[in-house]
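K.L.:
The structure that follows is given in the form of C-alpha cells.
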Amino acid sequence: MDQRFSKKERLRKRKEFQHVFDNGERYGNNQLKIYAMSNGNSVSRLGLVVGRKFGNSPRRNRFKRILREAYRLNKSLLESGADIVVIPRPGLTELTLK
C-alpha cells in the first residue's frame, strides 16, 4: 500500500476547488465544514482551505499538517475517486493525531 501524499492526490487549482464547492455535498458541524464529491478518477484528492480567521500562521500550518497526515494514513479507508475539501471554523479546539 502506498503511504505517500503525492501531487495527484491534492486539489491545487482554484477551478478544482470551485467545482467541489459548487457541485459537492456539504457536511459539517460547529468546528469543520467538509465538501465532497465524486471526481470520476481512481484517485481521491484532498484540498484544505484555512483562512486567517482560524488563527496565526503556526496554528494554520499545524492544522494543515495534521489533516494531511490523517488523510495519508487513512486514505485506504476512503472511497476511491472522491474530491474532499476541508475548511476549519475559527472555534475549532486543539487538534492532535491521537
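K.L.:
Scan the stretch 82-98 residue by residue and report those that are at pLDDT below 95 and β-branched (V, I, T).
P.N.:
Selection gives T93, T96.
K.L.:
Filter the stretch 56-81 down to residues that are modelled with pLDDT of 90 or more and assigned to a loop (DSSP other than H, G, I, E, B) and give me whichever is farthest from R4 (Cα to Cα).
P.N.:
Out of the qualifying residues, it is N56.
K.L.:
Follow-up question, since we're still on this one. Any residue at all in the stretch 84-93 that's out of contact with any strand residue (DSSP E or B) (no Cβ under 8 Å at 6 or more places or on another chain) and either under 20 Å from K7 (Cβ atoms) or touching a residue at least 40 places away in the same chain (Cβ under 8 Å) (or both)?
P.N.:
yes
K.L.:
On to the next question. Would you check if there is a residue in the stretch 54-74 being at positive phi, out of contact with any Phe, Trp or Tyr (no Cβ under 7 Å at 6 or more places or on another chain), in contact (Cβ under 8 Å) with a residue 40 or more places away in the chain and surrounded by 10 or more Cβ atoms within 10 Å (Cβ to Cβ)?
P.N.:
Checked the stretch 54-74: no residue is at positive phi, out of contact with any Phe, Trp or Tyr (no Cβ under 7 Å at 6 or more places or on another chain), in contact (Cβ under 8 Å) with a residue 40 or more places away in the chain and surrounded by 10 or more Cβ atoms within 10 Å (Cβ to Cβ).
K.L.:
Follow-up. For the stretch 83-98, what are the residues that are aliphatic (A, V, I, L, M) and surrounded by 12 or more Cβ atoms within 10 Å (Cβ to Cβ)?
P.N.:
I84, V85, V86, I87, L92, L95
K.L.:
Next question. Going through S38, S44, S6 one at a time, which residue ends up being touching a Ser or Thr at 6+ places or on another chain (Cβ under 8 Å) and among the hydroxyl-bearing types (S, T, Y)?
P.N.:
Going through S38, S44, S6 in turn, the sole match is S44.
K.L.:
State the number of residues belonging to the stretch 1-20 that are farther than 13 Å from A82 by Cα and not in a loop (DSSP other than H, G, I, E, B).
P.N.:
4
K.L.:
What pairs can you find where one residue is in the stretch 1-25 and within 15 Å of E69 (Cα to Cα) and of a type in the set (G, A, S), the other is modelled with pLDDT under 95 and exposed (fewer than 10 other Cβ atoms within 10 Å of the Cβ), and their Cβ atoms are less than 8 Å apart, with a gap of 6+ or different chains?
P.N.:
none
K.L.:
Follow-up. Might you check whether a residue that is aliphatic (A, V, I, L, M), under 13 Å from the mean Cα position of the chain (by Cα) and either over 16 Å from F5 (Cβ atoms) or not in a helix (DSSP H, G or I) (or both) occurs anywhere in the stretch 22-35?
P.N.:
yes
K.L.:
Next up: If the requirement is being small (G, A, S) and buried (at least 17 other Cβ atoms within 10 Å of the Cβ), which of these qualifies: S38, S80, S44?
P.N.:
None of the others qualify; the one that does is S44.
The values are calculated or read from the model by the stated rules, or taken from the named source; none is laboratory data. Being a predicted model, the structure only gives us computed values, none of them experimental. Every residue, glycine as well, gets a Cβ built from its backbone with ideal geometry; the counts of neighbours run over all protein chains shown.
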